[in-house]
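Written below as structure tokens is the structure these notes are about.
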Amino acid sequence: HLNDLLGFRSDLIFSGEIWRIFTVVLTHVHLPHIITNMLALFICGNNIEKKYGTLKTIGLFLMLIIFQGFITDLIYFKILGNNIVLSCGASGWTTILLGMILCRCLIDKKYFKKEFSKGERIYQIAYFICTTFIIAVNLFTITAHIVGLFIGLIEFVIYNINHKKLVK
């Protein structure tokens, strides 16, 4: 099974299977999983790419998806004491993007309406609620999505404080 070879498992990564850090986003559980992730990446990713540029977005993606994976593992395994789970998909990254967008919306109340169509706004809200609380496969998935959201919020604030442009 492709997910077994490429999915994120921290125990295997620390055993030398480093590629799993990067290949996790190429694996998905089923067709609806990949379709919802790709749609979310398209809607949210375009907006973030306009703000940061292509190269910074790719660098940010790699850095934050690794960070999100390890923070999720830390919380899920070390703090909650659960068993190791194979993680797959790109929804961690999409929730990071949603966190960045949410933070921007909190700073600029008109941002959400200005930047996204009504359909895109509804999709983003429904995507986060559904993937985090309704169709989440297990507690690990819920943990990953919530961690992703908070990483997105924190990243947005740090970036904008460093660049002194919280509202633009």
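The values are calculated or read from the model by the stated rules, or taken from the named source; none is laboratory data. Note that this is a predicted model, so its numbers are computed, not measured. Neighbour counts are summed over all protein chains in view; Cβ atoms, including those assigned to glycine, are modelled from backbone coordinates with ideal geometry. Please note that ligands, DNA and RNA were not included when accessible areas were found on the heavy atoms of the full protein model with its side chains. Shrake-Rupley method; radii C 1.70, N 1.55, O 1.52, S 1.80 Å.
Structure data summary
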quantity	calculated
Lysine pair count for the chain [Cα-Cα under 16 Å; pairs on different chains or 8 or more apart]	14
Stretchable slack from residue 42 to residue 130, in nm (0.36 nm times residue separation minus alpha-carbon distance)	29.9 nm
Dipole in debye (nearest 20) - the chain, about Cα centre, beta carbon charges: Lys, Arg +1; Asp, Glu -1	940
Per-residue ³J(HN,Hα) for region 45-54, Karplus 6.51 cos²θ - 1.76 cosθ + 1.60, θ = phi - 60°, Hz, x for Gly and Pro	x, 4, 5, 5, 5, 4, 6, 9, x, 5
Unit charges at the beta carbon, dipole of region 51-130: most positive-side option, 85, 65, 97	97
Solvent-accessible area per residue for region 47-106 (1.4 angstrom probe, square angstrom)	45
Area accessible to solvent at residue 66, 1.4 Å probe radius, in Å²	40
Cβ crowding within 10 Å averaged over residues, with 55-65, 3-13, 29-39, 109-119 ranked highest first	3-13, 55-65, 29-39, 109-119
Accessible-area composition of the chain, carbon plus sulfur, in percent [1.4 Å probe]	71
